[in-house]
Amino acid sequence: MSSFKVDDVISLPDWRRGSTFGASQADRVRNAKIIYDMFRKAGYPVGVAMAAIANARHESDLSNSAVGDTGSSVGLFQLHKNGAGKGMTTADRMDPYKNTARIIKETDIYGDKLMKAWNEGKSVATLSYIFGRDIERPANAGEGRDNTARLIFGPLADVDSQTLTYAAVGGFFLIGAASAFGVLLYLALRGAK
């Protein structure tokens, strides 16, 4: 895609606003693209990359400058200074690339059940819950992350991973039984500048 306009691509209401933590609409889409690209480059399937985006939306509203837990948790995945963010500076945890790289490392370590669920054909909504429970490990054990996936991906969140097939063909994303929104979001994540 040579040109990209957020308003031409993002169609669900959650994508047409800035973040509650101050990130603009364009920043939220850029951060989603970073997460998607890094998870795919690390070898994770599209459904797991989408679950990661849903978790970052749940944790930080896709704002890399989000700060929670009275300053202890920072960035896209709210890396806690005594947890997944241990040994990272606040600036590192606010860097969307470093924050995502750290959560990929956590996924490499704790993602067995997540990958098993993907291989069993679980939906992105279910993968989002499992990602929260096993990778993020919040006090509420991932509760509500399935609904966050539905909020940002619409009907695509409930498509099973065996049906959620994809192929990059001339810049198009083909999804069996999925909504046009999924196609448009993928194009936005692939083509955003």
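Observations
- Filter pass, LYS86 being among the charged types (D, E, K, R) and touching an Asp or Glu at 6+ places or on another chain (Cβ under 6 Å): no
- Against the list (1) modelled with pLDDT of 95 or more; (2) closer than 17 Å to PHE21 by Cβ; (3) over 18 Å from the mean Cα position of the chain (by Cα), the condition MET88 fails is (2).
- Residue tally, condition out of contact with any Asp or Glu (no Cβ under 7 Å at 6 or more places or on another chain), assigned to a helix (DSSP H, G or I) and open to solvent by 60 Å² or more (accessible area, probe 1.4 Å), over the stretch 126-149: 2
- Scanning the stretch 102-119 for residues that are assigned to a helix (DSSP H, G or I), open to solvent by less than 90 Å² (accessible area, probe 1.4 Å) and either of a type outside the set (A, V, I, L, M) or at pLDDT below 95 (or both) turns up ARG102, GLU106, THR107, TRP118.
Yes/no matrix, rows are residues, columns are (1) more than 21 Å from ASP108 (Cα to Cα); (2) in a loop (DSSP other than H, G, I, E, B):
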{"site": "SER19", "(1), (2)": "yes, yes"}
{"site": "ALA23", "(1), (2)": "yes, yes"}
{"site": "ILE35", "(1), (2)": "no, no"}
{"site": "ARG40", "(1), (2)": "no, no"}
{"site": "GLY47", "(1), (2)": "no, no"}
{"site": "ILE53", "(1), (2)": "no, no"}
{"site": "SER63", "(1), (2)": "yes, yes"}
{"site": "PHE77", "(1), (2)": "no, yes"}
{"site": "ALA84", "(1), (2)": "no, yes"}
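The values are calculated or read from the model by the stated rules, or taken from the named source; none is laboratory data. Bear in mind the structure is a predicted one, so any value in this text is a computation, not a measurement. Note that we place each Cβ from the backbone using ideal geometry, even for glycine, and neighbour counts take in every protein chain shown. Note: accessible area is taken over every heavy atom of the protein model, side chains too, but ligands, DNA and RNA are not part of it. Shrake-Rupley method; radii C 1.70, N 1.55, O 1.52, S 1.80 Å.
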